[in-house]
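Chemist: Pasting a structure here, questions to come.
The values are calculated or read from the model by the stated rules, or taken from the named source; none is laboratory data. These figures come from a predicted structure and were not determined experimentally. With ideal geometry, Cβ positions are generated from the backbone for all residues, glycine too; neighbour counts draw on all protein chains shown.
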Amino acid sequence: MPLSKLEASITINRPVADVIAFVADSNNDPMWQTSVLESEKKTDGEPAVGTVYYVREKFLGRVIEQEWVITARNADGKSWAAKSTTGAFPMETTMLFEADGDSTSVHRTLSIDVGRFFKVASPVVGHIAKREMQNDFENLKELLEAAE
């Protein structure tokens with residue numbers, strides 16, 4: 001049963017270019033995404049459509065290894081989409097960064113097909129994933145605002 005479009009948003013008191021640069025660097029993922037144990041960009045060059053990432057994370061007590069590919073990205077990085085191409089269950093995500101004066105609004109959507117792993121508990125999985133996304137954004141905000 002797919003979990004349709006979990007969403008989280010936050011406003012960070014930093015310029016949009018700073019927020020995009022931090023999020024675009026996969027080495028930063030374990031610092032702000034609580035479930036990410038390891039994240040590595042596998043493709044050379046700047047992030048673009050076709051860029052591949054390897055991510056190892058822990059969710060509900062399971063270590064999940066996935067590869068992700070960017071499926072859409074505008075030139076300035078203010079909007080992008082990615083999907084998992086390997087791993088326990090299919091996921092798709094989008095990120096949108098919007099300047100708001102000297103601050104940045106960040107919005108993320110995430111769709112997960114829990115498949116055979118968490119089928120019975122899919123409403124609980126959705127609740128936990130949404131809470132984790134919001135906690136991740138709080139971490140991102142704290143990290144970036146402390147760096148001023």
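Chemist: Restricting attention to the stretch 90-110, and to residues there that are among the charged types (D, E, K, R) and closer than 16 Å to residue 15 by Cβ, which single residue is modelled with the highest pLDDT?
Modeler: Of the residues in the stretch 90-110, the ones among the charged types (D, E, K, R) are 92, 98, 100, 102, 108.
Filter once more, keeping what is closer than 16 Å to residue 15 by Cβ: 98, 100, 102.
Working: 98: 97, 100: 91, 102: 92.
Checked the stretch 90-110; the qualifying residue modelled with the highest pLDDT is 98.
Chemist: Hey, among the residues in the stretch 46-61 that are modelled with pLDDT under 90 and in a loop (DSSP other than H, G, I, E, B), which one's surrounded by the most Cβ atoms within 10 Å (Cβ to Cβ)?
Modeler: Only one residue fits best here, namely 60.
Condition check ((1) without any contact (Cβ under 8 Å) to a residue 24 or more places away in the chain; (2) among the acidic types (Asp, Glu)) across all residues:
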residue: 24; (1), (2): no, no
residue: 38; (1), (2): yes, yes
residue: 96; (1), (2): yes, no
residue: 99; (1), (2): no, no
residue: 103; (1), (2): no, no
residue: 125; (1), (2): no, no
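Chemist: Here's another thing I want to ask about it. Please work out which residue is farthest from residue 6 (Cα to Cα), limiting yourself to the stretch 123-148 and to residues that are under 16 Å from the mean Cα position of the chain (by Cα) and acidic (Asp, Glu).
Modeler: If we take residues in the stretch 123-148 being under 16 Å from the mean Cα position of the chain (by Cα) and acidic (Asp, Glu), then 138 is farthest from residue 6 (Cα to Cα).
Chemist: Pairs please, first residue from the stretch 4-18 and surrounded by 15 or more Cβ atoms within 10 Å (Cβ to Cβ), second anywhere and outside any strand (DSSP E or B) and small (Gly, Ala, Ser), Cβ atoms under 6 Å, 6+ apart in sequence or on different chains.
Modeler: Within 6 Å, the pairs are 6/129.
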